[in-house]
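Chemist: Provided herewith is a single structure, encoded as structure tokens, for subsequent inquiry.
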Amino acid sequence: MIEWREDQPRWQQVADIIRERIASGTYRPGSRVPSENDLMQEFGIARMTAHKVMKALRAEGSIYTVRGLGSFAGQPDGDQNTAE
């Protein structure tokens with residue numbers, strides 16, 4: 001489990017960790033990133049917190065989601081069917 005900082009919401013802290021993993025190459029462009037369920041288990045967070053993490057990462061383009069397949073690191077090349 002992670003040691004949470006009190007000065008920042010948990011969803012932002014988890015989003016920072018996922019961003020760092022993408023930047024460091026742990027999750028390469030086009031590779032799968034953890035699902036909301038995976039985030040809930042790894043970080044011990046609520047579903048809504050995990051949902052906020054994924055929504056924020058999608059909005060900034062750090063991840064993209066393909067309906068029925070999951071979420072992936074990086075921006076897709078071209079127009080993909082994405083879903084929230």
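Chemist: If contacts are Cα pairs under 8 angstrom and at least 6 residues apart, what is the relative contact order of the chain in percent?
Modeler: 30 percent
Chemist: Could you tell me what percent of the accessible area of the chain is made up of carbon and sulfur, with a 1.4 Å probe and every protein chain present?
Modeler: 46 percent
Chemist: Same structure, new question: What dipole magnitude, in Debye to the nearest 20, does the chain give about its Cα centre under +1 on Lys/Arg Cβ and -1 on Asp/Glu Cβ?
Modeler: 160 debye
Chemist: Follow-up. Cα axis of helix 47-60 to longest principal axis of the chain: angle in degrees, 0 to 90, nearest 10?
Modeler: Value to nearest ten degrees: 50.
Chemist: May I pose another question? What list of ³J(HN,Hα) values in whole Hz, one per residue of segment 17-34 in order, does the Karplus curve 6.51 cos²θ - 1.76 cosθ + 1.60 (θ = phi - 60°) give from phi, with Gly and Pro shown as x?
Modeler: In residue order, the calculated couplings are 5, 5, 4, 5, 5, 5, 4, 7, x, 4, 10, 7, x, x, 8, 5, 10, x Hz.
Chemist: Count the net charge of all other residues whose Cβ sits under 11 Å from the Cβ of Val33, scoring Lys and Arg as +1 and Asp and Glu as -1.
Modeler: +3
The values are calculated or read from the model by the stated rules, or taken from the named source; none is laboratory data. Please read these numbers as outputs of a predicted model, since none were measured by experiment. Note that we place each Cβ from the backbone using ideal geometry, even for glycine, and neighbour counts take in every protein chain shown. Surface accessibility is based on the protein's heavy atoms, side chains included, excluding ligands, DNA and RNA. Shrake-Rupley method; radii C 1.70, N 1.55, O 1.52, S 1.80 Å.
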